[in-house]
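Peer 1: Here it is, the structure, as structure tokens.
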Amino acid sequence: MSWSSSISSPDGSYYTLPNGWNFADERLALLGAAYDSASIALARRLGARAGWRCLEAGAGGGSFARWLCSAVLPGGRVLAVDADPRHLSDLPDRGGEVAQLDLVVDDIPEGVFDFVHTRFVLLHIADRDLVVQRLARALAPGGVLVSEEGDGLGVLDEMPGAFGEVWRAFARSTENAGASQSWARNLPTQLEALGLVDVHAEADIPMFRGGSPTARMWNMTWAQAHDTLVGLGVRPEVIAAAQAELEDEQRWLYAPPTVRAWARRVDIPGL
């Protein structure tokens, strides 16, 4: 049984860590365990409640979409879309809807959602600026768009040890496939340029202990990207050392920041 795979190029899936990997369901579940609490806290701050119509764009493993179902149903709507929705099959049983959808080219309903959310999706899409515009158009008047994305913000260059070395190579590999590790910092300006209002943004640096769900998620990410990393010149023993650091429960590590930006739509013709 092999855990390794290559990161796809823009000519295949838009996403640089495809959901079709044999162990993607486990990696996505760990990603949810690591990041859902912050996403849920922000959604609650913004007033997510029963009756809201929600779009989860690039739903991945579906953990946040499942929470949305518990928060806005009955009476609301949860539409979870992904280019590869294989991990979302349980959502209809929770009252949600699932659609296979390419955020770049497929039709996205316009003017109908109270809450549109993405997390660690847009940075991986080469046409990310176009997708932000399309997601803004999906908002109903008064609706809020939330995007949570990774950004190096200078932290990436400072990360020590084998984990830092592998992370920098991983960042290069994703950018080779069309991602951007420096795009999210400009999200507030972009949301304002689209005519959205009440623009807010924050960033935090995830710090975590070895062996935690976050550490295990990164361990599996290095497994998924192993062949690509080796192709970029990272020695297999360095990858193994990084994975050992991630398994060391006496070690604290940190990853590049998460930028969260959100804004509301007013009724602007032509948005």
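Peer 1: Between Glu247 and Ala33, with labels modelled 7 Å along Cα→Cβ, what's the label distance in nm to one decimal, could you check?
Peer 2: So the two model labels end up 1.6 nm from each other.
Peer 1: Hey, any idea what % of the chain's accessible area is carbon plus sulfur with a 1.4 Å probe?
Peer 2: 49
Peer 1: Relative contact order of the chain: what whole-number percent is it, with Cα pairs under 8 angstrom and at least 6 residues apart?
Peer 2: Value for the chain: 22 percent.
Peer 1: What span do the alpha-carbon atoms of region 129-210 cover on each of the three principal axes, reported in whole Å from largest to smallest?
Peer 2: The Cα atoms of region 129-210 stretch 48, 27, 20 Å along the principal axes, largest first.
Peer 1: Looking at the chain, which longest stretch skips every one of the GluC sites (Glu not before Pro) that is in a DSSP loop with at most 16 other Cβ atoms within 10 Å, leaving the sites themselves out?
Peer 2: Between the exposed loop sites, the longest stretch runs 111-248.
Peer 1: In whole angstrom, note down how far apart the Cα centers of region 237-261 and region 37-60 are.
Peer 2: 28
Peer 1: Same structure again: Relative to a virtual label point 7 Å from the Cα of Asp198 in the Cα→beta-carbon direction, which members of region 39-75 show backbone nitrogen distances below 13 Å?
Peer 2: 43-49
Peer 1: Sticking with this structure for a sec: Can you run phi through the Karplus equation (6.51, -1.76, 1.60; θ = phi - 60°) for region 210-223 and list ³J(HN,Hα) in whole Hz, with x for Gly and Pro?
Peer 2: x, x, 6, x, 5, 5, 5, 5, 5, 4, 6, 4, 5, 5
Peer 1: Which angle from 0 to 90°, rounded to the nearest 10, does the C-alpha axis of helix 128-137 make with the longest principal axis of the chain?
Peer 2: Result, in degrees: 30.
Peer 1: Another one. Using the Cα atoms as the points, what is the convex hull volume per residue of region 53-196 in Å³?
Peer 2: Hull volume over Cα atoms, normalised by residue count, gives 118 Å³.
Peer 1: Something else now. Can you pull the percent of Cα pairs in region 76-153 with separation above 22 Å?
Peer 2: Percentage above 22 Å: 24.
Peer 1: Once you put a point 7 Å from the Cα of Asp25 and another 7 Å from the Cα of Ser182, both along the Cβ direction, what distance in nm separates them?
Peer 2: 4.0
Peer 1: Roughly how many Å² of Thr118 are accessible to a 1.4 Å probe, to the nearest 10?
Peer 2: Around 0 Å² of this residue is reachable by solvent.
Peer 1: Roughly what angle does helix 63-72 make with the longest principal axis of the chain, taking Cα atoms, 0 to 90 degrees, to the nearest 10?
Peer 2: 20
Peer 1: Right, another one. Please report, to two decimal places, log10 I(q)/I(0) for region 181-266 at q = 0.15, 0.16 Å⁻¹ as given by the Debye formula with identical point scatterers on the Cα atoms and no solvent.
Peer 2: -0.71, -0.75
Peer 1: Related question: How would you classify region 123-271 from its alpha-carbon gyration tensor, with a ≥ b ≥ c the square roots of the eigenvalues: rounded for a/c under 1.5, else prolate if a/b is greater than b/c, otherwise oblate?
Peer 2: It comes out prolate by the Cα gyration axes.
Peer 1: From the mean inverse distance of alpha carbon pairs (Kirkwood) and the Cα radius of gyration, derive Rg over Rh for the chain.
Peer 2: Across the chain, the Cα-based Rg/Rh ratio is 0.96.
Peer 1: Report, by chain and number, residues whose modeled amide H sits under 5 Å from the one on Ala80, excluding near sequence neighbours (fewer than 5 apart, same chain).
Peer 2: Glu56, Glu97, Val98, Ala99
Peer 1: Can you compute 3J(HN,Hα) from phi for each residue in region 239-250, using the Karplus curve 6.51 cos²θ - 1.76 cosθ + 1.60 with θ = phi - 60°, rounded to whole Hz and x for Gly and Pro?
Peer 2: Each residue's phi maps through the Karplus curve to give 4, 4, 5, 5, 5, 5, 4, 5, 8, 7, 6, 8 Hz.
Peer 1: While we're looking at this one, here's another question. Can you list the residues, at least 5 places off or on another chain, whose amide H is less than 5 Å from the amide H of Arg53, using H built in the peptide plane?
Peer 2: It is Arg77, Asp114, Phe115, by chain and number.
The values are calculated or read from the model by the stated rules, or taken from the named source; none is laboratory data. Just so it is clear, the structure is predicted and the values come from calculations on it, not from any experiment. Quick reminder, even Gly has a Cβ in these numbers, built from the backbone with ideal geometry, and neighbours come from all protein chains shown. We work out accessible area using only protein heavy atoms, side chains counted, and drop any ligands, DNA or RNA first. Shrake-Rupley method; radii C 1.70, N 1.55, O 1.52, S 1.80 Å.
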